[in-house]
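Report on the following structure.
The values are calculated or read from the model by the stated rules, or taken from the named source; none is laboratory data. Just so we're clear, the structure is a prediction, and the values are computed from it rather than from any experiment. So basically every Cβ, Gly included, is an ideal-geometry build from the backbone, and we count neighbours across all protein chains shown. Each accessible area value is taken on the protein alone, full model and side chains, heavy atoms only, with ligands, DNA and RNA left out. Shrake-Rupley method; radii C 1.70, N 1.55, O 1.52, S 1.80 Å.
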Amino acid sequence: MKILITGGAGFIGSHFAVKMLKEQHEVAIIDNLHPYYSVERKKQHLDVIKSAGTFQFYQTDLLDQDETIDMIKKVSPEAIVHLAALPGVAYSILRPLEYIDYDIKATVNVLEGAGRAGVKQFLFASSSSVYGMMKNKPFKEEMAAGKPISPYAASKYAAESFCHVYGHLYGIDMKILRFFTVYGPWGRPDMAIANFIKKLKAGEEITVFGEGGSRDYTYVGDIVNGMSLALQNLEQSAILNIGSGRPISMNQLLDELKIYFPDMKIKREGDRAGDVERTWADISLARELLGYEPEIDFSKGIAETVAWAEQYEKYL
Ligand SMILES: NC(=O)c1ccc[n+]([C@@H]2O[C@H](COP(=O)([O-])OP(=O)(O)OC[C@H]3O[C@@H](n4cnc5c(N)ncnc54)[C@H](O)[C@@H]3O)[C@@H](O)[C@H]2O)c1
């Protein structure tokens, strides 16, 4: 299959591109190497992809509508996997308008290109954050009720609606996957696990926000498996949670890291605005429609991530 991956130089995109190349698919990537985090790191991701096979790379900004549409027509993929976005809840509170550009407008440009180029299927990277503040029980897809609590989450929810519009207008199979806190090798440096490991390796104190919360941490290998299944095993539009289905509390995470960093020093701070207290994926629909099953338990996932950090210390 010919697959166009937007945001392919990012954390999840690079893992997904490697998987697709290993499975003999034809891969094209669009990424503007946005400096939200180190551009050097993104170039390193591209080198990792290169070691898995050849692919086309276009350093293009999806905010340029004409160029985006032309490029999609030129590549003419069977599937678009749209991962490009400005991520991060905390930054979205500081710069909300940037999220309207990068997470909504850019998505509409890609959808417009997909429609005009006759793309058959579109996979959109949405987020567990669209659920907003929820009670302590598994989140089912229909529980997202338009009550996000950060500009990032609101932008993802809006982008989901545009996906629905374009699926309807152009008859594209629209696969909206809601990822739950993704971690693993090459993990995004602004996210808790990667940030903690970097600081702990340097002997620095880590800052823990809020108390009592939990996250459905999902290993990146499981996320890209779910994406691959959605492309290859599903011939309809759907909104699906892709998570691990088991929440991990902050104390469990800290205990797991203490195995590797027993001298850990922790500074506690209050809740951060925009952060939800907990996430917990109900993955029964993904199981049923895709045959999705997360494989990496949290201890193994952390072991793999710490081992990666040892090997690639200079990129942390
Ligand atoms: N990492 C997670 O835990 C998580 C959870 C839920 C959803 N998601 C979503 O998954 C997707 C990938 O996340 P990630 O963690 O790999 O982030 P990332 O920042 O590592 O990757 C995003 C990539 O998109 C590129 N990009 C951004 N704006 C662009 C534009 N206008 N034109 C071209 N390229 C652009 C960036 O340069 C970057 O390489 C995002 O849509 C994110 O919102 C991630």
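Worth a mention:
- Here the chain exposes an accessible surface that is 49 percent carbon and sulfur, computed with a 1.4 Å probe and the other protein chains kept in place.
- When Thr6, Thr54 are compared by accessible surface with a 1.4 Å probe, the order from highest to lowest is Thr54, Thr6.
- Separation of alpha-carbon centers, the range 12-30 and the range 146-163, rounded to whole Å: 27 Å
- Between the amide H of Ile242 and those of Arg178, Phe179, Phe180, distances stay under 5 Å, these residues lying 5 or more places away or on another chain, with hydrogens modeled in the peptide plane.
- Rounded to whole Å, the principal axis extents of the Cα atoms in the range 218-293 read 49, 29, 16, largest first.
- Mean-square fluctuations from a GNM of the chain, with a 10 angstrom spring cutoff on Cα atoms, peak among Lys137, Lys42, Lys105 at Lys137.
- The HN-Hα couplings worked out from phi for the range 187-199 by the Karplus form 6.51 cos²θ - 1.76 cosθ + 1.60 (θ = phi - 60°) are x, 4, x, 7, 8, 3, 5, 5, 5, 5, 4, 4, 5 Hz, whole numbers, x standing for Gly and Pro.
- The C-alpha atoms of the chain define a longest principal axis, and helix 106-116 lies at about 30 degrees to it.
- Alpha carbon Rg of the range 13-70, scaled by the compact-globule rule 2.2 N^0.38 Å: 1.17
- Probe 1.4 Å, accessible area per residue of the chain, Å²: 44 Å²
- With the largest listed first and rounded to whole Å, the semi-axes of the equivalent ellipsoid of the chain from the Cα gyration tensor are 30, 22, 19.
- Proximity of backbone amide H atoms, modeled 1.01 Å from N, is registered between Arg278 and Met134, Ser214 at under 5 Å, excluding neighbours fewer than 5 places apart on the same chain.
- Computed from phi, the 3J(HN,Hα) profile of the range 299-305 under the Karplus parametrisation 6.51, -1.76, 1.60 (θ = phi - 60°) reads 4, 5, x, 5, 4, 5, 5 Hz, with x in place of Gly and Pro.
- When GluC sites (Glu not before Pro) are flagged only if DSSP places them in a loop and at most 14 other Cβ atoms lie within 10 Å, the longest unflagged stretch of the chain comes out as 24-203.
- In order along the range 39-51, the Karplus-derived 3J(HN,Hα) couplings, from 6.51 cos²θ - 1.76 cosθ + 1.60 at θ = phi - 60°, round to 5, 4, 4, 5, 5, 5, 4, 5, 5, 4, 5, 4, 5 Hz, and Gly and Pro are given as x.
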